[in-house]
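Peer 1: What follows is a single structure, and I will ask about it in a moment.
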């Protein structure tokens, strides 16, 4: 009887110990999971994640479009094809500051060390090359959306992933996307993300969007499927900050001492030799 | 003993490092390098734009495309016509010759006929070759122009609903290909005709955008220009003169470039 009781007690104790160990293990697992989810400051609150690829994409696009201010670092690489047929990859880094509706600043450093600064303050857009101390400037009222489109479409300048900066980005990406698929759930630097793949008429794209309440893109890859060799452009985003401290002076341009104003290349044809000298003729200011 | 062994190992490792560096240098310097044929590597191309759309592969013709095609077609047509006339003349001449030598024997006639046939075949082959060349040139011209096409294009039909009405209801505002500007050398821009429209917003202040075709400069003699230029400043704008050509600096999508301009005075 005693033996039986002792045996029963022993069993109960063993079970209790096992249960405690299991509980510890479970607690440890939860803690580890929390740790995995936390590096990108993704909030810990439970959210209802969309399950459809289109919903995930548009949630990201709407979240970005509605962000009134943000800063982000973007590192990108892209393929180029040389006359010899050789494929060469270049890279660059950008620090982007957005303050809707009128403030946009992009500090660019190319892989060869060359730097450029793009500024827009709601009235003028300026591109400045510090190493040559030259800048081009054009007037454009209306806000970031108008300025970005004007910069690319009319001035033929370059601003990769410019669509992400627009307040109408959701409409842009939706209208261009012909097909969209959910590839997989994966992790980037420990952050659980949704990997989506979309196709437009001319570009195939992939985007990685983190789980959680801040669905800001972590990585985007574009494939130019109609171009020779199907070159790719890939960008990695880091240091998203949706509540940065920015001042108006960050977006306005004050020509440094000794700097020289030049025209945008797309405007040179429009400028008669006698008119090119007038800064106002190309919408700028001295 | 150990110290000696360590010294030997260290020396061998250092030798390997030096050899590896030398090999890298040899690779970099000894095999020609320079993808751009002496002008450095180009940073341009479709992927450099980083855009969600691309003008590459679009088929909508621009006025300049049509003009180019028309000119090329006219040239091809003219050449084909001229060649055909030559062939006809040759045949007529041969026929006259045959008539004037009516006393010649059949063998001679057969030889002559065979020669004529060979000539006609040769001329025909030449014509075909020329037509093929011109056809290839036309295709190349069309492809090149299509790659430079920056204009608007109807949005793709997809299962997504059309975008909300906005003043920018097109998907090609960011599809410009980045011009090929060689790394390590400045570029000289040439300006070509541009048929694609500017942004279709009433708020746009732009007047007449132009396609900028930037090509790799000849080996730079002075800061990317093809000579050591005379520099003039006219009304605040710096001009660079190389012979009868004038250039000014401008900001393009590949950076600061030199572009040809009319003489400022």
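Computed from the coordinates by the stated procedures, all read-outs in this text should not be read as laboratory data. In this text the structure is predicted, and so the values were computed from the model without any measurement. All Cβ positions, glycine included, derive from the backbone under ideal geometry; neighbour counts span all protein chains shown.
Peer 1: Can you figure out the FRET efficiency of residue A:178 with residue B:231, using R₀ = 56 Å and their beta-carbon distance, to the nearest 0.05?
Peer 2: For residue A:178 and residue B:231, the calculated efficiency is 0.60.
Peer 1: Set the Förster distance to 22 Å, then compute FRET efficiency between residue A:66 and residue A:188 from the Cβ-Cβ distance, nearest 0.05.
Peer 2: For R0 = 22 Å, the calculated efficiency reads 0.40.
Peer 1: Moving on to the next point. At 7 Å along Cα-to-Cβ for each site, give me the label-to-label distance between residue A:241 and residue A:51 in nm.
Peer 2: The two pseudo-label positions are separated by 3.9 nm.
Peer 1: Tell me the label-point distance for the pair residue A:73, residue A:93, using the 7 Å Cα-to-Cβ offset, in nm and rounded to one decimal.
Peer 2: Computed distance between label sites residue A:73 and residue A:93 equals 0.6 nm.
Peer 1: Across peptide B:230-240, how many C-beta atoms of other chains are within 10 Å of each residue C-beta, on average?
Peer 2: That average works out to 3.
Peer 1: Exposure proxy check: A:97, A:187 ranked by fewest other beta carbons within 10 Å?
Peer 2: A:187, A:97
Peer 1: Give me A:81, A:118 ranked fewest to most by other Cβ atoms within 10 Å of their Cβ, as a rough exposure proxy.
Peer 2: Exposure proxy ranking, most exposed first: A:81, A:118.
Peer 1: Once fully extended, how much extra length lies between residue A:249 and residue A:111, figured as 0.36 nm per residue of separation less the alpha-carbon to alpha-carbon distance?
Peer 2: 46.9 nm
Peer 1: Can you give me the C-alpha center-to-center distance between region A:200-236 and region A:100-129, rounded to a whole angstrom?
Peer 2: When both Cα centres are located, 23 Å separates them.
Peer 1: Given the Cα-Cα distance of residue A:260 and residue A:84 and 0.36 nm per residue of separation, how much length would full extension add, in nm?
Peer 2: Answer, rounded to one decimal: 59.7 nm.
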